[in-house]
Amino acid sequence: MGQDFSHIADDGSARMVDVSGKPDTARVAVVRGHVRMSAATMDLLERRALPKGDALNTARVAGILAAKKTAELIPLCHPLPLSFVDVRFSVNREESRVDVEAEVRTTAPTGVEMEALLAVQVACATIYDMCKAVQKDMIIGDCRLVFKSGGKSGEFRAE
């Protein structure tokens, strides 16, 4: 069984993949997601007038911290030296949502897709937390990898 699946040992148990023989290469991952909210909540967020304060700055820090803690939260992830983490936001009034994008970089033997995914998801959850006093039915959605480079599998760009 372990011969077919990299994260499953011969006895069927979960295992961390041995990357000690892989070369360090430059790796980048970019993930996007969003938080959909009402126009009234969006207005408060943009004016930094939410009861809990500045949602986007708080979410940026939370997303960066999440990327740094990924190996503590996802059992089979390798702890990686991150050389760059950025969490960016754009307000999309037409769709009544905040678009969230994280970019993570390292030079290591394995990629940073999980770090970028967690950065976006935690940033989105933090926006929800910062806004929930004024709106409970916000929707977090469309979190996905949009770009990655480096490693054996090379470059990936989402359609």
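Observations on the structure shown:
- Sites excluded, trypsin sites (Lys or Arg not before Pro) in DSSP loops with at most 10 other C-beta within 10 Å, longest stretch of the chain: 1-46
- Residues considered: 44, 80, 118. Largest GNM mean-square fluctuation over the chain, using C-alpha springs under 10 Å, is found at 44.
- Think of the chain as a dipole: +1 on every Lys or Arg Cβ, -1 on every Asp or Glu Cβ, centred on the Cα centre; then among 89, 76, 40, 40 lies furthest on the positive end.
- Converting phi to 3J(HN,Hα) with the Karplus coefficients 6.51, -1.76 and 1.60 and the offset θ = phi - 60°, segment 72-82 yields 7, 9, 9, x, 9, 6, 7, x, 10, x, 7 Hz in sequence order, with x at every glycine or proline.
- GluC sites (Glu not before Pro) restricted to segment 71-113 and DSSP loop, no more than 15 other C-beta within 10 Å: 94, 95
- Shown in residue order for segment 146-151 are the 3J(HN,Hα) couplings computed by the Karplus curve 6.51 cos²θ - 1.76 cosθ + 1.60 at θ = phi - 60°: 10, 7, 8, 9, x, x Hz (x for Gly and Pro).
- Each Lys and Arg Cβ is given +1 and each Asp and Glu Cβ -1; about its Cα centre, the chain then shows a dipole of about 440 debye.
- Gaussian network model of the chain, Cα within-10 Å springs - most flexible of 19, 91, 35: 19
- Cα-centred dipole magnitude for segment 1-80, charges only on beta-carbon of K, R (+1) and D, E (-1), debye, nearest 20: 540
- Dipole magnitude of segment 88-159 about its Cα centre (Cβ charges: Lys, Arg +1; Asp, Glu -1), debye to nearest 20: 140
- Among complete DSSP H helices in the chain, those whose alpha-carbon atoms stretch at least 24 Å along the helix's long axis and whose mean Kyte-Doolittle hydropathy reaches 1.0 are 113-131.
- Cα-based Lys pair tally, the chain, threshold under 26 Å, eight or more apart or on separate chains: 14
- Amide H contacts of residue 97 (H built 1.01 Å from N, under 5 Å, at least 5 apart or other chain): 37, 92
Where a number appears in this text, it was derived from the coordinates with a stated rule and is not lab data. Source: prediction; values computed, not measured. Cβ coordinates were reconstructed from backbone atoms using ideal geometry, including for glycine residues, and neighbour counts include every protein chain displayed.
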